[in-house]
Every structure is written in structure tokens, then in C-alpha cells.
1. With G658, G643 as the choices, which residue is open to solvent by less than 50 Å² (accessible area, probe 1.4 Å), among the small types (G, A, S), more than 35 Å from the chain's Cα centre (by Cα) and modelled with pLDDT of 85 or more?
2. Within region 26-41, identify whether any single residue is of a type in the set (A, V, I, L, M, F, W, C) and part of a loop (DSSP other than H, G, I, E, B), and answer yes or no.
3. Hey, among G574, G550, which residue is out of contact with any helix residue (DSSP H, G or I) (no Cβ under 9 Å at 6 or more places or on another chain), among the small types (G, A, S) and in contact (Cβ under 8 Å) with a residue 24 or more places away in the chain?
4. Can you report the number of residues in region 526-538 which are modelled with pLDDT of 75 or more and open to solvent by less than 20 Å² (accessible area, probe 1.4 Å)?
5. Would you please name the residue that is least open to solvent (accessible area, probe 1.4 Å), looking only at residues in region 539-565 that are among the charged types (D, E, K, R) and touching a Phe, Trp or Tyr at 6+ places or on another chain (Cβ under 8 Å)?
6. State yes or no: is V85 at pLDDT 85 or above and in the same structural domain as D40 (by the TED database)?
7. Suppose we keep only residues that are part of a loop (DSSP other than H, G, I, E, B) and among the charged types (D, E, K, R) within region 614-640. Which one would you say is least open to solvent (accessible area, probe 1.4 Å)?
Amino acid sequence: HTLCILPLMHTLTMSLPIMESNKHKPWIETEYQGIVMENDNTVLLNPPLFALDKDAPLHYAGEICGFRVHNGPSGSGSVQFEAVVLDRSTGEGLVRSKEPLDCESQREHSFTIQAYDCGEGPDGVNSKKSHKATVHVRVNDVNEFSPVFVERRYEASVPEGRLFDRIVRVEALDADCSPQYSQICFYDIITPNVPFAIDNDGNIKNTEPLDSKHQRVHTFWVTAFDCGKNRAQADAQVVVTVKPSCKPGWIGWTKRVEYTPGSGSIPLFPSLHLETCEETVWNIQATVELQTGHIGKGCDRDSYSDRSVRRLCGAVRGEVDLLPPPSPAANWTSALPTLPSSDSSLVFSFNGSNHVAVVPDSVVSALSGDHFTLQLWMRRGGASIQPATTQTRGNRKDEETIVCSTVKNDDSFSHYSLSVHGCRLSLFYWPDVSAARPVKFLWKLEQVCDSEWHHLSLSVQFPSVTLYVDGVTFDPALIHDNGAIPNPAPRQRMFIGACWGKTLKFMLSEFTYVGGYHGLLSGVTVRPGSVEPHSVVECLYACREGLDFGDLETLGSGMKVHVNPSQSVLVLEGDDIESFNRAVQQVTYRNSLRFATPGVRPLKLTTSLRCFNEESCLSLKQLEGYLVVLQPDAPQISLSGVGPHLARPAPEFEGPRGVPLFPELRIVCSLSHAVNTAAQGMEGGALMSDAVAHTLDGCEVQPLGEELNPEREELLVDMDVVRERGLEIINTTAYIAITGAESISVYEDVLRSVRYRLAKGSARFERRFRLSCSEMNGRYTSNELTLEVNFLHSLDSLYHPSHLLASQQQFLHPSHHAGELSGHTLPNPHRNSVVPGAATVIIMVCVGFLVVMVILGVFRIRSIHRRGEGARGGAKEGSSQWDDSALTIIVNPMESYESRMGICAENEGEGEEDEEVAESPDDASDDQRIIIKKEGRDGNARRY
């Protein structure tokens, strides 16, 4: 059986064909670099695309039938590219794009490719594929775009007379994607014969200095070429303006600035701007200084005295003036030299040795306690001293005492002294001389030694001490125990301008002045009790004029502005020229006083620049000018409501309260200019500005002729009203002066209470008074209101023996009654020599004439009466008769006012009424009518 099968299998094997097998995969490179032009689709690969198969030369298995493209990192390779087989036996292939490529859209493409063999037969069965190879294709650019300028017109301005490395830069762009065609290789000026050149970067410079007078504006055209030599589609125009020679500095400076009082704030530099002439700066600082040292104590404060300012600022009352104006009541300052001041405050000078004020014990006794406020104005050095330098400040080694006080407190003594030493201010305080240790408060201040006026307010609430210098708070730099010191005087003492110390004998009786102060002092006051609020201290020092900044909201970024407390120095700082120029134009001068002090205020502008190149940085000189405050419109203060004559019966003046002189007084203050209400809203000026228009600071009532005789007459004032309002009054025989800043209505009430009173039997015929008021430290005064007081006398009192004796004494002793008829006497150079006036002569003549007329009238009446009785004979007893008992004589001086020039009415009468008038001589200033009034039994009145 086995022998049968073996031959059969051999026969079958020999009859079947032999089958070929595909044993190997195709092989290609792992990476290809390709290039394709924008106007072509065939990709040139490096290395060329060939696929190899180890099955070659077998048919099908060793042949390459195709390539397949797969997406690369960009994800677009299979869409935009394809690969084809050029020769199946060699495996050569070709990569090409399916559509045109744009270099400007996408310059590079990446994808993968695989090769496939033909398999084991014509139907590609069992074909194998190669690994994936990466293909990078770069699209080569074609110069299809021309350069285009960024701007069609370029403008620049340069100063004349200089050569510049670059005036302006032009720029063109090319849309091609390749550096070869997208870069601008060079620019060219196509306008001939122009003094300018351009480089390959587009920078234009001048080839010769430009002259604005020869040609102010230069206009020319430039073009651009890319590296493919394509010219710009459109040329660009360049305009260069030649400016006159540039001088670094401020442009638009006005040396004179005028200010009209009442106009609020005005800009000082409305058109000022800084020219740096193309110099690059990174920091600018400008200092504006307004010099107002000659106006009062550093700025315009001379509208009111220090005492009036305290009232207007709401300061607590009760301060004691340690340096009052010399007077009989305050004579301890009479030996001190004084200096003229633009305000009403008295300035005292101290020489550091013998100029010392010793305050009386009666004044010091009211200043006890460890709570008090000491205020003063101080200027070191003197009146004509210049600001001290750093070297001279260091040489001031001696301590100078301003105030030195030992005050008795119950059974003990407290001691304090305020001194300056170099640039230091010190308060030496000894709360209890017999027990506690002394304490020293020390401040280091530049204001102490700069030889300028400064306001000091020292509030002591021991152990707390607060110092205000020009309204700014300063804390003590050092508080320490002063160690062993000589005991102060063992009794109550206070000195201004020095302190006391023992001589070498160390005897209590051998005290002398030590530590003398050298400088000026004004307004030194002490107020015991609680300290002043900060707002009051700021108001006391606040300047009514100064520098300010218009609107802080408009201040640019990076800009800083600072104003010193006295508002005399303003500093601007910034880094941008344009913002700085806008800020400078916002600097203003403000004056909240409605009646500003006229005059010139020097003005300075100092500029400091910092540049990147410090060696070539600009240096600007200081600018100087002045601000002129024009004369303000004077207010018209009008006194009215009081007639020129006041006639009252003499007994009314002899009453206990006398007669009011100005019962219907009216005071009106009017302005001729419009008021700027915006000025009232300024910082530090609202209170004072509002008060200026409605306050008076003094009124005076003065008798004309001789002074008041205190034994016979006096002027009375309602002291309750004066004290309630905090006003001050001086009542002498020569005048009554009421002072203090208060409203017009208050002064009206006070003046309406002024009364004139006479002693019994002291009535005269007339007395004249003059009233005047003022405001703003007496700068503006009212009209002078003259009042003539007439005393009405009855005939009985006129002929009373005592009155006749008094009249005779008036002529026998004219030196005591020189002013009684002051309105009717001629000028006399001798005060005590008085000639009886014409009115006196007229009165004597009229009295004599009256006596004669009375005697004649009596005789005539009696003779007529006898004749009537004889003629009637048997007349009834009850018939009416003329009763002589009704005969009266009236002297009426008021009827003479209608004929002040000496013209008297002669005889007037109608019907049964007759009048006889004694006519004054022509040179008399007044006439008198003496009337005899007779009333008969029939009820008819007859006047003679």
C-alpha cells in the first residue's frame, strides 16, 4: 500500500507551478528637504525621491507601485501635496502641489510620505509599505510686491544754523515674504538740488546749515527700492520747516504782571512754556518765589492789627499784651526803640544788651498756672540784616532769651524761659522752683536763624508742649533734665528780651541782665488757661495773598507740586515737557483781601534740568519780574442820621444820664467795584475776606475847641455794650476812642449810647463835637460828622445871680472856657487866650435893649390904663382888664438858624400882634431874638 502512494505524490508535485514570494519592504530616506517656487508646483527634493526594494528584480514584488502622503505637523500635507511614481522598476518618484502655493500665506510645509511595492501579483496582493519619511517643503518667494511708504507725508521742524544727524526718518514696507524681496535695500531723494541726504535706513539729514530767512520751508520727494529692485508704488513727500535759532529757555515770560484787588486768583504765566531745543531731559524742577517780606510780616496781613486778627479768627479772649504800645498805663515799653511797620502792629527792636522790657508785677500776677499759650512774631538779627549763611549760623554760640518769667503759684514759684541758640529754639520749664527738676524742650528749626519774620505759638499744658511755627506743628527734638542751674529770682519777675542772673558776688541783690536777645519782636502775648485750637493758630498766621495752583485735577501724571506754609514759594517737578508746560500755566496768584495793599511784589522763576548726558545738559538763567497790586477802590464810609444841631433844655444835660449825642446815627460802607465772590472760597482767606467789607476798626468822638472840663462836663459810654463786644475804649478829656474790629451795627449801638452830661449850673450856650470812623487800620476813613449842641435857657435862669456870676467868670477867666463858643470865635494862635465872640456882644446888647423896652412898655401900658379909667369913669368892676402878672420873657436862640449870615427879620406883625427884634451886627455869626410875650385878660397874646 505504501509503495502505491509515494509515486502518486511525486507525480502531483511535479505537475504544480512554482509560486514567487514578497519577502522585503520598500525603503526610502527618513527625511527630505524640498523647494517649490510660487509660480510652479513641482517640488525639488534633496535627496531625490527613490524607493528601493530588495525583492528586485522579481516581477511585482521588487517594483514600486506608489507613494502615499500623510498629514504632518501642520495638518495640510495630504491636501496640498501629492507624490507620483515615475519609474516602477527604479522606484523614482515626484512630489508636487495640487494647487498654487502662496509664500506670503505660508512659507513652509511639512508632511510624511510612504512607498508601497506591487505585491505578489498584478492585483497587488500582499504588498508591503515602507516606513514614513518626513518631507519639509519651503516655498520660494517671487518678487511680486513693491515697497509702500508708511505715511504719504512726513513733517519736521529744525532750528536754523545747525547740522543734524537725523531730522526725520521715512519708512517703507514690502509685502513679499522673503528677506530678499521684502527688505528695502535703499531710499532715494528724487527731487534734485535739495540740501538733504537720505541713508539706506530712511534717515534724512541736512547737508548744509539751513537759513530760515533764505528758505523757511523745504519740500521734496523720496522713493524706496526693495532688494529685487522694485520701486515703491507711490513716492512720499517730506516737509522740513526751518525755525529761527533755538535758544533754550522759557518762552512767553512777562516781566510785569498786574493784579486788580478783588479779582480773586489770576494766572501768573498764562502763555509760558519751556524750550529745550531737542535736548532730552528726564527731570525738570521749577521754583516760583513771590517776595512779600516788605508787606507786613511776610505777606499781606496789614489789614488789621494783631489784636483785631485774633478777634476775627475766633481766638479765646483774655490774652495779655507783654509789649503794648507805650502809654501812661503801660510804660514799661517806652524805653524800647520801635521801627516803622506797614501794619498797625508795633515792632520793637532789641540790641542784645540794654534793651529789655520789665513787665510789672500787676500784669505778671494774672499769668500764673502751668497752662498757657505764648504767641509772638520774631525776626532774628534786626531790621536791616540779610539772611544768614551757613557759616554765620554756626558762629551763634550765645543763648538769647526772648521771654524769661518767674510766676508765683500760691506758695510756690514756677519758672520758664523761651530762648534761641543758633538754629535751635528751647523752652526751659521749671514747674516748681522749690521741688521739681527743670525740663528743657528743644527744637531744631531753620526758621529761627534765617533772619525772616516768623510766627511762633507755644501752647503749654505741662508736661505737654506744642509748638506752631508759621501755622505748622513741630514736636520737640529733645527733652532732658538740664542739671544744676542757678536759682531764679526769689520773687515774681518777667523780662522780655533778656533774663536775669547773678553777678560774681552771688548776692541776690546783684542780679543783672544776661542772655540778651538781638532782633525784632512784635505781638508778644500770653493767655493763661486752655490752649488755642489748631484752626485758630492757622487762621492767625494764614496769608491773605500768595502763590497757588489752579486745578490739581489737571496736574499731569508724574507731576508734583509743593507750596510752603507762607505760600511764598511754589515748586513744580516733572519729567514730561508738555505736562510741565501745562502745569506752569496753572500757577496763580491769589489775594483774598478785598482791599489789598498796593505795591510791587518781586517775582522769581528758577529752573533746574537733569539730562541723560549731564555734561551737555542745559542751564537756564533765573527769570526776574514783579507783580504789581493796583490801588484798590476805596470804600466810602458814610456817617449820617445826625443833624448839624442838637438843641435841648439845659436841665436835660444836667440829669444823671445826660443827653445822647447820636441817637439816630447811621453808618454805611459802600464799594464802587464789583466783589468777586469766588475769592471768599480760598483756603485761609474766606473768614478774613468776608469780614473786610463789613467791619470797622475804630471810631472817635472829639470835642472841638477846648478839651472837656472834668469838673463840669463829661462824655458817657455804655460800658456794658463795649465789654460785651470785646471792644477797647480810651476816654479822656480830649477824645473818646473806641477800637477793635467789629461790625457796623455794633459800632452804631455803641456810638448811639454816647451821652453828654453837665454838672449843675454848668450850662453854656453851645458845644461842638466831631465824630469819625475808620477801617483797615485807619487806611480808609469816614466823613467827619460835626454836631453843634445848643443849650436852651429860660429868662429866669439867664438872669439868676449865680448865672450872671458864672457869665462874668467866663470873661474874667477865659483860659478855662476857650471852647464854649468855639464855633463863633476867630482863630487864635494862643490856646488859652480867648476874645469874646460876636454872639456874646449881641446878647449883651439885646439884654440891655430888652430892659429899656420893658421899662418903656410898662410905663406906656400904665399911662394908657389910667387914661382909660378916667374916660370910662363908671366902668363896671367886672370888665376885662390886662393882667400884668402874665408877663414873661423867653430867649430863643434856635430862631436865629434861618438867618445864619447875620440877616435878622425886622418887624413882623398882623392885626393886634406886634413884634420887635434886636438885630445882630453884620459880623456876628449868630443872631438872637428876645421876645416879650404879654397875654392879656381877653386871651390875646402880644409879643414885643
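The values are calculated or read from the model by the stated rules, or taken from the named source; none is laboratory data. This is a predicted model, so every value here is computed, not measured. Glycine gets a Cβ as well: all are built from the backbone with ideal geometry, and neighbour counts include every protein chain shown. The protein model used for the area step is the full one, side chains on, heavy atoms only, and it has no ligands, DNA or RNA in it. Shrake-Rupley method; radii C 1.70, N 1.55, O 1.52, S 1.80 Å.
1. Details: G643 fails: modelled with pLDDT of 85 or more.
Testing whether each residue is open to solvent by less than 50 Å² (accessible area, probe 1.4 Å), among the small types (G, A, S), more than 35 Å from the chain's Cα centre (by Cα) and modelled with pLDDT of 85 or more leaves just G658.
2. Within region 26-41, the first condition is being of a type in the set (A, V, I, L, M, F, W, C), and the residues that meet it are 27-28, 35-37.
Filter again for part of a loop (DSSP other than H, G, I, E, B), leaving 28.
Checked against the condition, which is being of a type in the set (A, V, I, L, M, F, W, C) and part of a loop (DSSP other than H, G, I, E, B), region 26-41 yields at least one hit.
3. Numbers: G574 fails: out of contact with any helix residue (DSSP H, G or I) (no Cβ under 9 Å at 6 or more places or on another chain).
G550 is the lone residue from the list that is out of contact with any helix residue (DSSP H, G or I) (no Cβ under 9 Å at 6 or more places or on another chain), among the small types (G, A, S) and in contact (Cβ under 8 Å) with a residue 24 or more places away in the chain.
4. Final tally of qualifying residues: 4.
5. We begin by selecting, within region 539-565, every residue among the charged types (D, E, K, R); these are 544-545, 548, 551, 553, 560.
Then drop every residue that is not touching a Phe, Trp or Tyr at 6+ places or on another chain (Cβ under 8 Å), which leaves 545, 548.
Numbers: E545: 2, D548: 56 Å².
Here the residue is E545.
6. Working: at pLDDT 85 or above: yes; in the same structural domain as D40 (by the TED database): yes.
Yes; evaluated as a whole, the condition is true for this residue.
7. From region 614-640, those part of a loop (DSSP other than H, G, I, E, B) are 617-622, 630-635; that's our starting set.
Still in the running and among the charged types (D, E, K, R): 621, 633.
Working: K621: 159, D633: 62 Å².
For region 614-640, the residue satisfying everything is D633.
Residue-by-condition table, conditions (1) assigned by the TED database to the domain that holds E578; (2) within 28 Å of N581 (Cβ to Cβ); (3) assigned to a strand (DSSP E or B):
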position: G161; (1), (2), (3): no, yes, no
position: A175; (1), (2), (3): no, no, no
position: N193; (1), (2), (3): no, no, no
position: D201; (1), (2), (3): no, no, no
position: F220; (1), (2), (3): no, no, yes
position: T223; (1), (2), (3): no, no, yes
